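Below is one structure, written out as structure tokens; comments come after it.
The values are calculated or read from the model by the stated rules, or taken from the named source; none is laboratory data. In this text the structure is predicted, and so the values were computed from the model without any measurement. Reconstructed Cβ throughout: ideal geometry from the backbone, glycine too, with neighbour counts over all protein chains shown. We work out accessible area using only protein heavy atoms, side chains counted, and drop any ligands, DNA or RNA first. Shrake-Rupley method; radii C 1.70, N 1.55, O 1.52, S 1.80 Å.
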Amino acid sequence: MTFQQRLILLVTGLVLLAIAAVTTTMAWTTRAALTERIEAEARLTAGLLARGAAQARDIPQEVDALLSERLLSEATLTAHLVAMAEAAKQSPRAINDRLKQIAEAGGPDEMWITDNRGRAYLHNLAGPDPVFGQDAKGGPRHGAYTGLLNRSPASVVSEPATENGRLMKFAGVTGVDKPRIVQVGTDVRRLADIVRNAGTDGLIDGLLATRAVEGAWLLDRDGRVLARGAVMGDGAGGPLSDADISAAKAVVPGGDVAIRVAGNSMLALAPIRYAGPATAAGSAAGVPTVAVVRVPYTEPGAMLSRQLKIGGLVGVLVLALGVYACVRFARDQMAPVERLSEAVKAVEAGRFNPFTLNEAADRDDEFGRLSRVFRRMAMEATAREETLDAQLVMRGAELETKTEKLAAAEQLIEEEQRAARDVQSNLLPRQLPVGRDSQFYGMLLPGHTVSGDFYDVIELDERYSLLVTAGVSGGGVPAAFLMLMVRGAIREAARPGVGPAAILTHANERLCGESPFNGFASVFVAVYDRVAGTLVHAAAGHRGACRITADGGVEFLTATGGPALGVRRGAPYAEAVVTLNQDETLFLCTDGVLRSIDGQREPFGEERLAAALAHSRGMSARDRTELVLRSVQSHVGADGLIAGDLVCLVMRRLLPVTEAAEAV
């Protein structure tokens, strides 16, 4: 393929790519905006339905409370009326007639007044005189009211119940002049119809009347549909699928509105929040707990299709114009390129003639400048070619000399590395503590260049142990010397009763004042109580210390402490305390684990370390260490790099704290 053809394809491809990118961006932006609007409307509608359902549940309770108060007031007034009538020596017949007049004038539908033995000798309804308390199945106006004769309680309100084909609600009070029962009742069927019409069914019908909602449902906590409504048409009014019901059951009470896209519809699922005492009832079976609204979701897809079609048509037109302009431009620019191509072949064949580029060199554009530069370079190359052989001979001799010096330097470096590695391996603890309360394991994998990292476990007494991991800057013999200084300073300060912060402060002063090298060390120090399970720890610029809980949770402990040792004299160090329970583990490692990189220069890092430790749930200290090291090596692969020494120290607690304390 010629340069002219490649130029045409390049320009055409860039134009087409730009059109496709702009069209796709605009289409997806429009679709995202429409989706966001539909989602916002769905969230708002579902939230309104949820709040309406919560309020609809409260309405019957409030209405019942108001009705109860009214009935109690009417019963009290009736008690006073009867007391005054009897005080006026009116006959029972006259009092009954007056009660009938009150009922017909809009008062209570039923009024019953008993004597001190519970016989209802006064009432506005015709019939025999019932005796309260004798008939346990006598209806809501009997059994529950016998306590009023003893004024315990002073008033009673019963729930609505069907009696003689009517939905009746009764309330009663004790007599004001003597022990008796004064009971009034009213038919609440009409009020129940009003409450039902103002409830959830009316609310759903109101939403569906807007035609912007395909369907609405109220579900309880078990996914049962308690109220529903759907706009039938184009298959939009279908029932909720099993997946929709599962999503509704997963809605968190008191959480936000959840959105779910199913086909050409979008579902908004809002938890219903009940106020006051109704909150607990909202979690019971048979009570609406989730409001579900289905809205159409076809507009974003249709808009995306239209935008892509328009973009395609515009792209075809612009592409045709671009191809035409590109062909014309390529023809005008290819002439000097062809001259340069012929000149290059002539230079390769050793028969270059500078005058062949005169026409191209006379141009004022980039090709003219390129032709002039090429002609000058070709002439200079011809002149330099004569001296190239002599320079090659001289460079060969210099290369042999430098190769010999490099071999000697590599041998010296290898000897230093071997000495540093011997020092490092000899200073590691020969045997870690053994006991039935805790399990210890440490491992060192030296890097290609020894960096002086080490770990140490010092038994302060029968109860306390000191755990140390340290990473030393640099490599070779200087790193090994710094390692000796840090280890010696820590062991010198390690005594019963001395905390990690004091140990780090002592080691920092030693390293700042006595080290002949300009180096530093990152250190993690912890004092472990085998009985109480407590771990007092402090870090000096160190990362990679973790506490692993029994369920696999990982908590990093290197936030407390101060700067690395040897950086600043007099630096303060803070310490913190954690408690290791049974099957919890302390994992320590140096920076070599965290800074090892893969082929894309991505470090292993704390996130991958936490993920590897989380997968090591239930493993022994040794298996956990080997799992982490395998994870590091797998991350590095064939193209990555191990960042120095890999040091791990793991301590796993085996016994509960109480059992360990009793053992001591």
(request) State yes or no: is R547 charged (D, E, K, R) and in contact with a strand residue (DSSP E or B) (Cβ under 7 Å, 6 or more places away or on another chain)? (result) yes
(message) So, V577, is that one β-branched (V, I, T), open to solvent by 50 Å² or more (accessible area, probe 1.4 Å) and in contact with a Phe, Trp or Tyr (Cβ under 6 Å, 6 or more places away or on another chain) or not?
(response) no
(request) Just name the residue that is surrounded by the fewest Cβ atoms within 10 Å (Cβ to Cβ) out of those in region 493-513 that are farther than 14 Å from A574 by Cβ and touching a helix residue (DSSP H, G or I) at 6+ places or on another chain (Cβ under 7 Å). (result) H506
(request) Check region 384-392 and report whether any residue there is part of a helix (DSSP H, G or I) and either open to solvent by less than 40 Å² (accessible area, probe 1.4 Å) or within 30 Å of T29 (Cα to Cα) (or both). (result) no
(request) Residues being touching a helix residue (DSSP H, G or I) at 6+ places or on another chain (Cβ under 9 Å), surrounded by 15 or more Cβ atoms within 10 Å (Cβ to Cβ) and in contact (Cβ under 8 Å) with a residue 60 or more places away in the chain: count how many of those fall in region 606-623. (result) 4
(request) Would you check if T45 is of a type in the set (S, T, N, Q), farther than 27 Å from L308 by Cα and in a helix (DSSP H, G or I)? (result) yes
(request) Output the qualifying pairs, or none if there are none: Cβ atoms under 9 angstrom, residues six or more apart or on different chains, first residue in region 183-197 and farther than 22 Å from A105 by Cβ and among the hydrophobic types (A, V, I, L, M, F, W, C), second residue modelled with pLDDT of 65 or more and not in a helix (DSSP H, G or I). (result) A192/P160; A192/L167
(request) Please indicate, with yes or no, whether at least one residue in region 588-601 is within 28 Å of the chain's Cα centre (by Cα) and at positive phi. (result) yes
(request) Give L72, L77, L66 a once-over and let me know the one that is assigned to a helix (DSSP H, G or I), under 27 Å from L191 (Cα atoms), open to solvent by 40 Å² or more (accessible area, probe 1.4 Å) and touching a Ser or Thr at 6+ places or on another chain (Cβ under 8 Å). (result) L72
(message) What's the total number of residues in region 342-367 that are in a helix (DSSP H, G or I) and either β-branched (V, I, T) or open to solvent by less than 80 Å² (accessible area, probe 1.4 Å) (or both)?
(response) 12
(request) Pick out the one residue from S473, S465 that is modelled with pLDDT under 95, open to solvent by less than 10 Å² (accessible area, probe 1.4 Å) and under 44 Å from the mean Cα position of the chain (by Cα). (result) S465
(message) Name the residue that is nearest to L467 (Cα to Cα), counting only residues in region 530-551 that are open to solvent by 10 Å² or more (accessible area, probe 1.4 Å) and out of contact with any Ser or Thr (no Cβ under 7 Å at 6 or more places or on another chain).
(response) V536
(message) Of all residues being among the charged types (D, E, K, R) and surrounded by 17 or more Cβ atoms within 10 Å (Cβ to Cβ) in region 29-63, which is nearest to V252 (Cα to Cα)? Just the residue, please.
(response) R43
(request) Might you let me know whether region 171-185 holds any residue that is surrounded by fewer than 21 Cβ atoms within 10 Å (Cβ to Cβ), out of contact with any Leu (no Cβ under 6 Å at 6 or more places or on another chain), on the phi > 0 side of the Ramachandran plot and at pLDDT 80 or above? (result) no
(request) With respect to L649, determine if the residue is outside any loop (DSSP other than H, G, I, E, B) and either open to solvent by 60 Å² or more (accessible area, probe 1.4 Å) or within 20 Å of Q439 (Cα to Cα) (or both). (result) yes
